[in-house]
1. Suppose the filter is surrounded by 15 or more Cβ atoms within 10 Å (Cβ to Cβ) and either over 30 Å from residue 29 (Cα atoms) or among the charged types (D, E, K, R) (or both); does residue 106 pass it?
2. Please work out if residue 214 is crowded, with 20+ Cβ neighbours inside 10 Å, within 25 Å of the chain's Cα centre (by Cα), among the small types (Gly, Ala, Ser) and at pLDDT below 60.
3. What's the total number of residues in the range 158-188 that are within 24 Å of the chain's Cα centre (by Cα) and hydrophobic (A, V, I, L, M, F, W, C)?
4. Consider residue 123 carefully, then state whether it is under 11 Å from residue 184 (Cα atoms) and not charged (D, E, K, R).
5. Give me the residue from the range 114-138 that is of a type in the set (S, T, N, Q) and touching a residue at least 12 places away in the same chain (Cβ under 8 Å) and, out of that set, farthest from residue 22 (Cα to Cα).
6. Failed condition for residue 109, given (1) assigned to a loop (DSSP other than H, G, I, E, B); (2) touching a residue at least 24 places away in the same chain (Cβ under 8 Å), with all others met?
7. Quick one: is residue 137 crowded, with 20+ Cβ neighbours inside 10 Å, among the hydroxyl-bearing types (Ser, Thr, Tyr) and in contact with a Phe, Trp or Tyr (Cβ under 6 Å, 6 or more places away or on another chain)?
8. Considering only residues that are assigned to a helix (DSSP H, G or I) and surrounded by fewer than 16 Cβ atoms within 10 Å (Cβ to Cβ), which ones fall in the range 55-72?
Amino acid sequence: MSLPIGMIILLVIGVLVYFGCAQRILDRMRMTDKQALLFIAGIVIGSFIDIPLMTTPVEVSVNVGGAVLPALLSIWLTAKADEPAERIRAVLAALLVAGAVWLGSRYLPYEPETMFLDPKLIYGISAGLIAYLAGRSRRSAFIGGVLGIILSDIVHMLTLISAGIPGTTDIGGAGAFDVIIITGLVGVMVAEVVGETREKLQGGPVLGPHRPEGLYEFSKELTERDSRKAAAKAPASLNNDKACKNRGDDSE
């Protein structure tokens, strides 16, 4: 049995994180390697777990790996955002992604065979681009893309219930799981490429209150960290000076 594309992407990302190849991106999203690997392992395991929510009039379940854990991760990243503006952009990106997916489900062909590309890739890539354009940073793009796909599943569920149409909705399951992974990856990677390109064109990240939004998310933190390091080194150098002075006094 072939693995879903979302599962393959997760495994590849897990390998890259394990060998430290994604450290720069994780730093900018305020995540450590261990945190990322724990979430990836949890999502992979949770993808096989569905929690039933209701059976009538619509059969609804929620997938742990495809909805619960990605939503918790997105909420956690939102809480760690430095500025309220970044949280607002993330929420806006989620609403735009959900709206775009809802429109796509209404007007795109229902038969995958009639589409020029796999619908999962169409939804995932489009949602990822929308999430970046609205979020304008790695963290906001990831949050907006992931929450937007989950929200679109919830909208689909409410549509079936309000219309009285019998059906089944697995929030974050089946194809939605693949779309969530693709969307999050595309949003983050586009933000990374654009951000790195802008930094190189202008000779490095812009520090200070007038830095472009989303260009260098934690520059303030780096400045504070350097200040703390300098302060920590200062007492050591003073102690060395005192020791040398004492040795000089003793020699006299």
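1. no
2. yes
3. Of the residues in that region, 11 qualify.
4. No.
5. Looking at residues that are of a type in the set (S, T, N, Q) and touching a residue at least 12 places away in the same chain (Cβ under 8 Å), I get 126.
6. Among (1) assigned to a loop (DSSP other than H, G, I, E, B); (2) touching a residue at least 24 places away in the same chain (Cβ under 8 Å), residue 109 violates only (2).
7. no
8. If the condition is that a residue be assigned to a helix (DSSP H, G or I) and surrounded by fewer than 16 Cβ atoms within 10 Å (Cβ to Cβ), then 72 is the only one that fits.
The values are calculated or read from the model by the stated rules, or taken from the named source; none is laboratory data. None of the values given here were measured: they were computed from a predicted structure. Cβ atoms come from the backbone with ideal geometry, glycine included; neighbour counts cover every protein chain shown.
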